[in-house]
Amino acid sequence: MSGQLAGKTAVVTGASRGIGRATAIRLATQGAVVAVHYASDGAAAHDVVDTVRAQGGTAFAVQADFGAVDGPDRLWAGYDERIKEFSADGHVDILVNNAATSVRATLEETKIEDYERMFAVNVRAPFFLIQKGLDRLREGSAIVNVASAVTRMAFPEVVAYGLTKGALNTLTLTLAQELGPRGIRVNAVSPGTVDTDVNASWLRHDPQAQEFVSQETALRRVGRPDDIAKVIAYLASDQAEWVTGQVVEASGGARL
């Protein structure tokens, strides 16, 4: 498929649904070969692959549980095995760290096992995925971390989740400096409230919740996965070749 990302390869973590799904499809429609990572829902991941292929793009699924210490190793092993079908050198041009888990709980309600899993999936996994992928990342490649607008707003009901996203912002800034000499750009995107499966229980089935979020947002609507995917695709493209170390909020102007 032709497009501004033709000839490039991309890895999108947590790509079986929501923002990850929208991002994988968008990158593929712009010409990239996309590795669709998933943790447990293989059917959903293969549906993304089928959707991409139906549109003339190229994608394949890779499984890895980021709650496990060897999660990043499993992803790269799966990637190395499958990418041979599509690329001679197996390098990566775009890495989107989107996979995340969240538990709604205040400080008093947070269980240590939930806290540890959130940090494992949301922080440890992207850190070591990048570390172990350094020899695969091509000179001039792009890393995009999916953070959250909760890092600039107080949300006591997701306090531990907010900590993980703050850590991801710090990682973004630090790695932009460290990897800059190789021409590797590292940026983060911070979504606000997005209509995804994760938010479905309180957002999709409650008109009052949708109205509340809309009224708290300058652009007066709830975010959609493709709203975020468009920003990620921009940061991954050569159009953003002079942008690095930035946290770009894509929230429609939430709580300005």
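The values are calculated or read from the model by the stated rules, or taken from the named source; none is laboratory data. No experiment lies behind these values; they were computed from the predicted model shown. Reconstructed Cβ throughout: ideal geometry from the backbone, glycine too, with neighbour counts over all protein chains shown.
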Taking Leu5, is it crowded, with 24+ Cβ neighbours inside 10 Å and assigned to a loop (DSSP other than H, G, I, E, B)? yes
For region 154-174, what are the residues that are charged (D, E, K, R) and modelled with pLDDT of 95 or more? Lys165
Those residues of region 212-227 which are more than 13 Å from Ala250 (Cα to Cα) and either assigned to a helix (DSSP H, G or I) or of a type in the set (Phe, Trp, Tyr) (or both), in sequence order: Phe212, Val213, Ser214, Gln215
Subset of region 79-95 [in a helix (DSSP H, G or I) and either in contact with a Gly (Cβ under 7 Å, 6 or more places away or on another chain) or touching a residue at least 24 places away in the same chain (Cβ under 8 Å) (or both)]: Tyr79, Asp80, Arg82, Ile83
Somewhere in region 62-79, is a residue modelled with pLDDT of 95 or more, touching a helix residue (DSSP H, G or I) at 6+ places or on another chain (Cβ under 6 Å) and of a type in the set (Ser, Thr, Tyr)? no
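May I ask you to list the residues in region 129-139 that are in contact with a Phe, Trp or Tyr (Cβ under 8 Å, 6 or more places away or on another chain), assigned to a helix (DSSP H, G or I) and surrounded by fewer than 22 Cβ atoms within 10 Å (Cβ to Cβ)? Steps first, answer last, please.
Going through region 129-139, the residues in contact with a Phe, Trp or Tyr (Cβ under 8 Å, 6 or more places away or on another chain) turn out to be 129, 132-133, 136.
Retained after the next criterion (residues that are assigned to a helix (DSSP H, G or I)): 129, 132-133.
Once the filter is applied, which keeps residues that are in contact with a Phe, Trp or Tyr (Cβ under 8 Å, 6 or more places away or on another chain), assigned to a helix (DSSP H, G or I) and surrounded by fewer than 22 Cβ atoms within 10 Å (Cβ to Cβ), region 129-139 yields Lys132, Gly133.
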Being part of a helix (DSSP H, G or I) and touching a residue at least 60 places away in the same chain (Cβ under 8 Å) is true for just one of Pro126, Pro181. Which residue is that? Pro126
If Ala142 meets every condition in (1) assigned to a helix (DSSP H, G or I); (2) buried (at least 23 other Cβ atoms within 10 Å of the Cβ) apart from one, which number is that one? (1)
Pairs only if they're at least six apart or on different chains, beta carbon under 7 angstrom, first in region 6-18 and closer than 10 Å to Ala32 by Cα and among the polar types (S, T, N, Q), second at pLDDT 95 or above and not in a strand (DSSP E or B); list them, first residue then second. Thr9/Ala32; Thr9/Ile83; Thr9/His91
